[in-house]
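Written below as structure tokens is the structure these notes are about.
Since every read-out is calculated from the coordinates, none of them should be taken as a lab result. These numbers come from a predicted model, not from an experiment. Every residue, glycine among them, receives a Cβ derived from its backbone with ideal geometry; neighbour counts consider all protein chains shown.
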Amino acid sequence: MTPTTPEWRPWLDAAIEQAEKSWNEGGIPIGAVLVDPDGTIVARGHNERVQSGDPTAHGEMSCLRSAGRRRDWDQLTLVTTLSPCPMCAGTSVLYRIPRVIIGESRTFQGAEHWLEEAGIETIHADCDRCIALMERLQREKPDLWAEDIGE
């Protein structure tokens with residue numbers, strides 16, 4: 001890591017790996033990780049909506065589900081490759097996750113205002129890799145993307 005690389009860059013790379021995993025499985029390329037205060041990734045997840053048939057299996061939800069029962073939500077950081085939709089943002093608010101790192105919000109603007117209104121710190125990475133994944137989905141599988149966001 002170079003001196004100018006943010007501390008969260010490896011976490012975003014791990015979330016991107018999850019997004020790529022979903023894409024390679026035929027799913028939506030969105031991934032997420034949860035990180036504890038020491039910088040350790042404690043959970044990973046990717047969008048499994050297509051693979052499982054579960055409309056709630058967004059990347060963030062899959063990650064939170066894999067984290068299991070916890071009492072330290074208010075100390076964790078959620079890192080996601082895409083601006084969180086209302087369901088995922090609402091879950092972050094519900095569990096009082098204090099910081100959400102967003103890979104990109106150019107291709108989709110989620111409910112970030114809910115995060116901000118709840119006092120959750122949002123960091124925008126504006127990551128080219130995240131943008132490229134979503135642009136590819138929107139170009140190659142527009143019907144799947146429309147289905148994912150409820151259009």
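Between Ala15, Ala57, Ala118, where does the largest GNM mean-square fluctuation fall for the chain, given springs only between Cα atoms within less than 10 Å?
Of Ala15, Ala57, Ala118, the most mobile in the Gaussian network model is Ala118.
If Lys and Arg each add +1 and Asp and Glu each add -1, what is the summed charge of the other residues whose beta carbon sits under 10 Å from the beta carbon of Met61? Can you show the working numbers first?
Values: positive: Arg49, Arg65; negative: Glu48, Asp54, Glu60.
Its environment carries a net charge of -1.
Using Cα springs under 10 Å in a Gaussian network model of the chain, which residue among Leu94, Leu76, Leu137 shows the largest mean-square fluctuation?
Leu94
Taking K and R as +1 and D and E as -1, what net charge do the other residues with C-beta under 13 Å from the C-beta of Cys88 add up to? All intermediate terms of the calculation are to be shown ahead of the outcome.
Working: positive: Arg49, Arg65; negative: Glu60, Glu112, Asp148.
Charge balance near Cys88 sits at -1.
Using a 4.7 Å cut-off between beta carbons, which cysteines in the chain end up with no partner cysteine at all?
Lacking a cysteine Cβ partner under 4.7 Å: Cys63, Cys85, Cys88.
If region 4-151 were replaced by its equivalent ellipsoid, with semi-axes equal to the square roots of 5 times the Cα gyration tensor eigenvalues, what would those be, largest first, whole Å?
Numbers: eigenvalues 96, 51, 44 Å².
Taking √(5λ) for each Cα gyration eigenvalue gives 22, 16, 15 Å.
Report the gain in length on full extension from Glu7 to Glu116: 0.36 nm times residue separation, minus Cα-Cα distance, nm rounded to one decimal.
Numbers: separation 109, 0.36 × 109 = 39.24 nm, distance 2.13 nm.
Extra length from Glu7 to Glu116 when fully extended: 37.1 nm.
Explain nothing, just the number: relative contact order of the chain, from Cα pairs under 8 Å at least 6 residues apart, as a whole percent. Present the calculation step by step, with values, prior to reporting the outcome.
On the way: 303 pairs, mean separation 27.5, N = 151.
Rounded, it is 18 percent for the chain.
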